[in-house]
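I have placed the structure first, in the form of structure tokens, so that the comments after it can refer back to it.
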Amino acid sequence: ICQRMKKVSVIPAAGKGSRLHSNLPKIFTAIYKSKSIFDLIVEQGTSHVDEMILLLSPAGKEYFDLHIASSAPKNVHVWLQESATGMFDAMNQLFESLLLRQEDFQVIVQWGDQPFCDAELHQTLFSDLNKFEVSVPLVWVSSPYVQFKLGSPLAVWESREGEKCDAFGFKDMGIFAFTRGSIDAAWPLYKINAPFGKVTGERNFVKFFETIQQKTEIFWRLDQPYYKSIGINTPEELKEANLFLSQKEQIQQGSSDKS
């Protein structure tokens, strides 16, 4: 019997809202009217997956259990990251747990501060995984803080680790898609070789792509609009997201009035 491919999305979201001057866990920060980052991620990301896994801090899980669990879609499951020790440790916990499962799966990883990666993008990435082992959408920006220098070999530069990114370059959108096989083939190797950042001392996730490209072909999707890549880490980015949603609503309202 051919088993159906399970579609999973994982949302590492153990971060605090300290840079947003919020006492809430970052993913529950309100963006526009009463909608939070979490609301937008769930609205766009749950209809076409079998399971959405939220990796939350103890404070985040407590907030979720108190305020959200009763109304959350049934396919949203919360896992606990005991201490927020960086994205490498979050992804290691998620990948190792998924690899213990018996079934085959495709997985989308979406950072918990990326509310505009919509259902259309998710479905596009899952479709990519029918042809490729890995799909990564990139956008062209000025002053990227993470830069994907495409070539052979691939280089991923991080400005926060003191690596000098170019004035213009490709950056990721905070969303990545993998087959089970690609993680199985490359993550154990990356765990051994993942470099420690020269500034933070942390092992980071994005350099994983330098390892995975040695094992399989990565499909670089370059057709996505910039706005889907807007992440929310600072008051300025929160203001940008609020303005975007406000003006988008006005445009949609204007269009519906005319029709």
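What the table shows:
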quantity	calculated
Scope segment 150-169; condition of a type in the set (Asp, Glu), under 15 Å from VAL206 (Cβ atoms) and surrounded by fewer than 17 Cβ atoms within 10 Å (Cβ to Cβ); matching residues	GLU163
Of residues in segment 22-60 being charged (D, E, K, R) and part of a helix (DSSP H, G or I), the one least open to solvent (accessible area, probe 1.4 Å)	LYS26
Restricting segment 170-194 to residues that are open to solvent by 60 Å² or more (accessible area, probe 1.4 Å) and without any contact (Cβ under 8 Å) to a residue 40 or more places away in the chain, the residue that is nearest to SER97 (Cα to Cα)	PRO188
Condition met for SER70 (free of Cβ contacts under 8 Å to residues at least 12 places away in the same chain, of a type in the set (Ser, Thr, Tyr) and either touching a Pro at 6+ places or on another chain (Cβ under 6 Å) or under 24 Å from GLU237 (Cβ atoms) (or both))	no
Only one of SER97, SER9, SER83 that is open to solvent by less than 30 Å² (accessible area, probe 1.4 Å) and of a type in the set (Ser, Thr, Tyr)	SER9
Positions within segment 97-118 being in a helix (DSSP H, G or I) and either in contact (Cβ under 8 Å) with a residue 24 or more places away in the chain or closer than 19 Å to GLU202 by Cα (or both), in sequence order	LEU98, LEU99
Selected residue (criterion: farthest from PHE208 (Cα to Cα)) from residues of segment 120-149 that are among the charged types (D, E, K, R), open to solvent by 70 Å² or more (accessible area, probe 1.4 Å) and in contact (Cβ under 8 Å) with a residue 40 or more places away in the chain	LYS131
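The values are calculated or read from the model by the stated rules, or taken from the named source; none is laboratory data. Every value quoted in this text rests on a predicted model; they were computed, and no experiment measured them. Here the Cβ is made from the backbone with ideal geometry for all residues, glycine too, and neighbour counts use every protein chain on show. What goes into the accessible areas is simple: the full protein's heavy atoms, side chains included, and nothing from ligands, DNA or RNA. Shrake-Rupley method; radii C 1.70, N 1.55, O 1.52, S 1.80 Å.
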